[in-house]
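J.: Attaching a single structure in structure tokens format; questions to follow.
The values are calculated or read from the model by the stated rules, or taken from the named source; none is laboratory data. Here the structure is a predicted model, which is why all the values come from computation and not from measurement. As a convention, Cβ positions derive from the backbone with ideal geometry for all residues, glycine included, and neighbour counts pool all protein chains shown. With ligands, DNA and RNA removed, areas are computed over all heavy atoms of the protein, side chains included. Shrake-Rupley method; radii C 1.70, N 1.55, O 1.52, S 1.80 Å.
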Amino acid sequence: MLVEDLKLILKVAEFRSITTAAAKLDMRAATASAAIKRVEAALGAELFVRTTRHLRLSAAGERFLPQCQQAVLMLDQATLALKGEHDEIEGELRVALSSDLGRNIIIPWLDELLDEYPKLSMRPHISDSNVDFYRDSVDFALRYGSPSDSNLYGFKICNVPRLLCATSEYIAEHGAPTHPDELNQHQGLFYQLQDIINNVWEFTDGTERFKVKMQGRRASNDGDLVRRWCVAGKGLAVKSCIDISDDLLSGRVVPVMQNYPHLCAELWLICPSRQSITPAVRLVRDICREKTKAILNQLIEKGILDKRVLDN
């Protein structure tokens with residue numbers, strides 16, 4: 001039985017809610033449910049009585065809880081005695097990053113950490129393909145979208161609106177679209193994952209969704225190259241506001257068709273197991289949350305984003 005699973009059991013018992021306990025421990029509800037099932041399977045007994053509206057301890061859970069609390073407390077005390085009250089930030093950051101986010105945003109932040117913590121080292125895996133934790137030599141990943149596998153552990157970093165962008169020069173020559181129906185007159189710049197070209201863009205006015213199949217002569221499996229094409233005035237691109245933030249803030253590109261925004265995404269830090277969540281990984285999580293919030297605030301101040309993007 002994993003200690004982290006036992007800590008989750010205690011939180012669920014405290015809040016009488018899997019969702020609330022998961023939020024307090026910075027994990028997804030699906031991950032928490034899977035952990036509870038593991039503990040119950042190991043014990044051969046159900047610890048909670050669940051209904052559609054309520055959750056309470058079972059008779060077995062009431063007997064198990066005091067001993068579980070005592071065991072977790074003893075383990076925590078033993079860990080503190082062995083390591084001291086503060087874990088030292090050390091080790092190797094083997095992180096998977098997408099091309100644009102990794103090269104232009106995250107790597108400079110990690111370089112700052114290495115300058116501050118001499119016992120840290122870094123081995124980034126830069127690729128826009130989905131990471132395979134069992135095949136690729138990485139310990140955690142920063143990716144857009146929450147983990148779909150309940151066996152993975154994830155920390156949400158922030159909301160990330162995707163913006164339709166172009167240069168002022170492109171707009172001056174080709175005009176600025178004001179409605180999704182006008183996009184068929186423009187050149188799209190596309191991200192490609194394996195053999196699938198992302199040329200169907202989806203927008204909303206808050207009540208209705210609009211799907212547009214774009215035309216375009218440029219597509220790449222490298223998000224950084226798509227951004228460079230956009231900055232060079234080759235067409236319209238849908239980009240993460242984090243990835244293209246420097247270009248937006250400097251005026252190299254401008255947001256287009258803001259009354260019909262593209263669907264919003266989320267940035268997550270994903271780990272294959274609890275054991276891979278080291279003090280260094282938690283530090284990276286906290287730094288990313290702090291710095292992405294600063295970027296979002298800059299975009300809000302410039303009128304590019306709505307302040308509601310900061311809501312979780």
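J.: Regarding the stretch 5-19, can at least one residue be identified that is more than 27 Å from residue 156 (Cβ to Cβ) and among the β-branched types (Val, Ile, Thr)?
T.: Step one: filter the stretch 5-19 for residues more than 27 Å from residue 156 (Cβ to Cβ), giving none.
Looking through the stretch 5-19, none of the residues is more than 27 Å from residue 156 (Cβ to Cβ) and among the β-branched types (Val, Ile, Thr).
J.: Looking at this structure, is residue 305 over 30 Å from residue 119 (Cα atoms), more than 18 Å from the chain's Cα centre (by Cα) and open to solvent by less than 50 Å² (accessible area, probe 1.4 Å)?
T.: Judged against the criteria, residue 305 is a match.
J.: Where the second residue is part of a loop (DSSP other than H, G, I, E, B) and open to solvent by 10 Å² or more (accessible area, probe 1.4 Å) and the first is free of Cβ contacts under 8 Å to residues at least 24 places away in the same chain and farther than 12 Å from residue 144 by Cβ and lies in the stretch 92-107, which pairs have Cβ atoms under 8 Å and are six or more apart or on separate chains?
T.: Final answer for the pair search is 107/124.
J.: Here's a follow-up. For residue 184, state whether it is under 14 Å from the mean Cα position of the chain (by Cα) and surrounded by fewer than 18 Cβ atoms within 10 Å (Cβ to Cβ).
T.: Criteria not met by residue 184.
J.: Now a separate question. Please work out which residue is most open to solvent (accessible area, probe 1.4 Å), limiting yourself to the stretch 27-53 and to residues that are assigned to a loop (DSSP other than H, G, I, E, B) and under 15 Å from residue 11 (Cα atoms).
T.: This residue is 28.
J.: Taking the stretch 220-242 as the region of interest, how many residues are modelled with pLDDT of 95 or more and open to solvent by 40 Å² or more (accessible area, probe 1.4 Å)?
T.: Looking only at that region, the number is 6.
J.: Please pick out the residue among 269, 248, 263 that is aliphatic (A, V, I, L, M), under 25 Å from the mean Cα position of the chain (by Cα) and surrounded by fewer than 17 Cβ atoms within 10 Å (Cβ to Cβ).
T.: After applying the criteria, what remains is 263.
J.: Only one of (1) of a type in the set (A, V, I, L, M, F, W, C); (2) part of a helix (DSSP H, G or I); (3) farther than 28 Å from residue 253 by Cβ fails for residue 155. Which number is that?
T.: Against the list (1) of a type in the set (A, V, I, L, M, F, W, C); (2) part of a helix (DSSP H, G or I); (3) farther than 28 Å from residue 253 by Cβ, residue 155 comes up short only on (2).
J.: Still on this model: Is the stretch 230-245 home to any residue that is touching a Leu at 6+ places or on another chain (Cβ under 6 Å), in a loop (DSSP other than H, G, I, E, B) and aliphatic (A, V, I, L, M)?
T.: No, the conditions are met nowhere in the stretch 230-245.
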